[in-house]
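All of the numbers you see were taken from the coordinates with simple rules; none came from a lab. These numbers come from a predicted model, not from an experiment. We place every Cβ from the backbone using ideal geometry, glycine too, and count neighbours over all the protein chains shown.
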Amino acid sequence: GFLYFIDKGFSIDMPEVSISKKGLKVRPTSAREYYTFYLSQHSNRTNRRMHFIGTTIGMLLLASAVINQNYLHALYGVIAGYGMAWVGHFFVEKNKPATFQEPLYSFMCDYLMWWDIARGNIAF
């Protein structure tokens, strides 16, 4: 399933990416490559916690939207997930959310980081 894909495809043997204080020096060609940069933007433990909690709430609300056929819950999930993540970046980590640079890779890497935190590979 999806989690196997994440575990085997992205969390193991990630290559190094050139990173400067302003962000990536080169555009990434894969989520695996981007994940190294993504983690560098989430070095603050409180920010990671906010991401983990926001993503968890977002997943629960998405499940609620499907189960209850109330798709407004999915919108609430997006708001909760991004809201907590952006507060974590602007007020805790004091950097620009990765969403603004690479929206698709950032979205994918948020779930990769969530999975790594859930498995204990990254400190909560």
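Pair-distance distribution P(r) for segment 25-84, from all Cα-Cα distances in 5 Å bins starting at 0: 4, 19, 17, 16, 16, 14, 9, 3, 1 percent.
Eigen-decomposition of the gyration tensor built on the alpha-carbon atoms of segment 37-122 gives equivalent ellipsoid semi-axes of 22, 14, 11 angstrom, largest listed first. Modelled this way, with points 7 Å down the Cα-to-C-beta line, the labels at Thr99 and Tyr71 are 2.0 nm from one another.
Assigning unit charges at the beta carbon (Lys, Arg +1; Asp, Glu -1) and nothing else, what dipole magnitude in debye, to the nearest 20, does segment 21-124 show about its Cα centre? Don't jump to the answer; show the numbers that get you there.
Details: 11 positive and 5 negative charges, 85 e Å.
Approximately 400 debye in magnitude.
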